[in-house]
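Just so you know, all these numbers are worked out from the coordinates, no wet-lab data involved. Since the structure is predicted, the reported quantities are computational estimates derived from the model, not experimental observations. Quick reminder, even Gly has a Cβ in these numbers, built from the backbone with ideal geometry, and neighbours come from all protein chains shown.
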Amino acid sequence: MALLLNIETATKNCSVSLAKDGKTIACKEIAEQNFSHAEKLHVFIDELLKEKNFTYNNLNAVAISQGPGSYTGLRIGVSSAKGLCYALNIPMIAIDTLELLARKISVSEGVIIPMLDARRMEVYSTIFDVEYTKMRKVEAEIIDANSYSEIDTKIHLVGDGIAKFKGVLTDDKFIFHEDVVYPSANEMSFLSFEKYKKSDFVDVAYFEPFYLKDFMLNK
């Protein structure tokens, strides 16, 4: 049995899940405007382990959502994951944040474009097919009426970045999944286990989150 701890803090959602052999057995999360990750993250981890009668020593690995996303949120999550991996001498796994967001929906046709708010009219985004294969590298892009004009199939939009574009992306091919706002550690369980089985680990000492853009103090 592989018991993995999954941590997702790239957005306003502070999310933690405990997974056994790729299946979530418990998950705690809360999305707050004031980013309460520093206060809630370790509390959630302690509560999950106690609820399922595990200890930290039962963990086989820790998985972290690597970004892009909030600079502060990513730093908190990665620092916590590194601390646990060092203390327990277990490996760390990194998971693409936008793939987690895309996997919150299942569709049979078209493409999925997860968008995380990067402030103003910019979003962090990429494109996945219905099998969650990435079709384009992650970008910080400004969306306008001509965006994705080259795609002639249904486009499923998810994430906290999509709300500001309902008046911009008006073609019938755009489908707004407004109930899917933030990535969650729940979707990490399958992905982290797949990487664990292949020993696809990151270097705990040198790993850095995927920020994509430089941190700006005044934003």
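Annotations for the structure displayed:
- Counting only Cβ charges, +1 for Lys and Arg and -1 for Asp and Glu, the dipole size of the chain around its Cα centre is about 540 debye.
- Ratio Rg/Rh [Cα only; Rh per Kirkwood] for the chain: 0.98
- Comparing Cα centroids, the stretch 56-127 and the stretch 1-23 end up 10 angstrom apart.
- Taking the C-alpha atoms only, the angle from helix 188-197 to the longest principal axis of the chain is near 60 degrees.
- Charge tally around residue 174: other residues with Cβ under 15 Å, Lys/Arg +1 each, Asp/Glu -1 each, net -3.
- Mean Cβ neighbour count within 10 Å, used as a protection proxy, ranking 90-96, 8-14, 36-42 highest first: 8-14, 90-96, 36-42
- Extended-chain gain in nm, criterion 0.36 nm per residue less alpha-carbon gap, residue 198 and residue 51: 50.0 nm
- Legend: distances between Cα atoms for 164/198; 82/198; 137/173; pairs beyond 29 Å are 164/198.
- Taking N as its residue count, the alpha carbon Rg of the stretch 1-107 over 2.2 N^0.38 Å: 1.00
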